[in-house]
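Some notes on the structure that comes next.
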Amino acid sequence: MKTKSKAILAFLTIFILGGVSGYLINDSIVNKDRYSNSERYEREGSDRWGDRSFDSDEERAEHRRLMRQRAKNRLSTELDLSENQKEQFFSLLQNYHTEIMDSIRVLKSTENRFIQEHYDEFKSDLSDLLNDQQINRLDSFFHPDSVRHNRIQHMRNR
């Protein structure tokens with residue numbers, strides 16, 4: 001092999017090794033950062049949520065009051081509300097929030113009734129096809145209450 005060929009081969013080898021090692025080092029740094037961020041998040045999450053168990057309803061109410069006050073202060077600052085604007089603004093905001101929550105409750109109730117009625121029809125249609133044991137197993141998966149319960153369990157186990 002000629003000297004020129006050896007030099008080109010050595011250059012290519014060094015270039016390829018540099019690229020591979022750069023990729024591996026970058027990947028290990030990124031993974032380390034991801035891991036440290038997830039650890040930090042878990043620590044902060046446990047610290048943040050760990051303090052939220054309340055011994056009494058009064059503590060819970062006081063905590064909610066403080067959170068509302070912080071939100072009001074932050075909104076007042078962000079919107080640069082004058083003292084004259086604050087009372088009217090927060091009164092209108094409270095009315096808006098109450099209307100939205102009432103509407104959501106009504107819609108959710110209507111939705112739940114609709115789903116239950118249709119599921120009952122579906123189950124009735126299947127009663128000729130499936131035996132009682134199969135219907136019970138179906139209920140454990142598809143009954144609206146089971147779906148809700150399974151969703152909650154899934155969210156807790158995340």
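In Å, the Kirkwood hydrodynamic radius of region 94-157 over pairs of distinct alpha carbons?
With all distinct Cα pairs of region 94-157 included, I get 13.9 Å.
Using R₀ = 22 Å, calculate the FRET efficiency as 1/(1 + (r/R₀)^6) where r is the Cβ-Cβ separation of Ile115 and Asn157; round to 0.05.
0.40
Can you give the FRET efficiency for Arg68 and Arg105, using 1/(1 + (r/R0)^6), R0 = 25 Å, r = Cβ-Cβ distance, to the nearest 0.05?
Step by step, r from the Cβ atoms, then E = 0.80.
May I ask you to list the lysines whose Cα is less than 28 Å away from that of Lys86, ignoring any residue fewer than eight positions away on the same chain?
Hits, sequence-local ones excluded: Lys72.
Compare Lys4, Lys108 by solvent-accessible area with a 1.4 Å probe and give them largest first, with all protein chains kept in place.
Sorted descending by solvent-accessible area, the residues read Lys4, Lys108.
Arrange the peptides 124-136, 81-93 so that the one whose residues have, on average, the most other Cβ atoms within 10 Å appears first.
Answer by packing, highest mean first, reads 81-93, 124-136.
Using only the heavy atoms of the protein chains and a 1.4 Å probe, how would Ser146, Ser109 rank by accessible area, largest first?
Final ranking, largest accessible area leading: Ser109, Ser146.
The values are calculated or read from the model by the stated rules, or taken from the named source; none is laboratory data. Just so we're clear, the structure is a prediction, and the values are computed from it rather than from any experiment. Glycine also receives a Cβ, built like all others from the backbone with ideal geometry; neighbour counts cover every protein chain displayed. Accessible surface areas use protein heavy atoms only, side chains included; no ligands, DNA or RNA. Shrake-Rupley method; radii C 1.70, N 1.55, O 1.52, S 1.80 Å.
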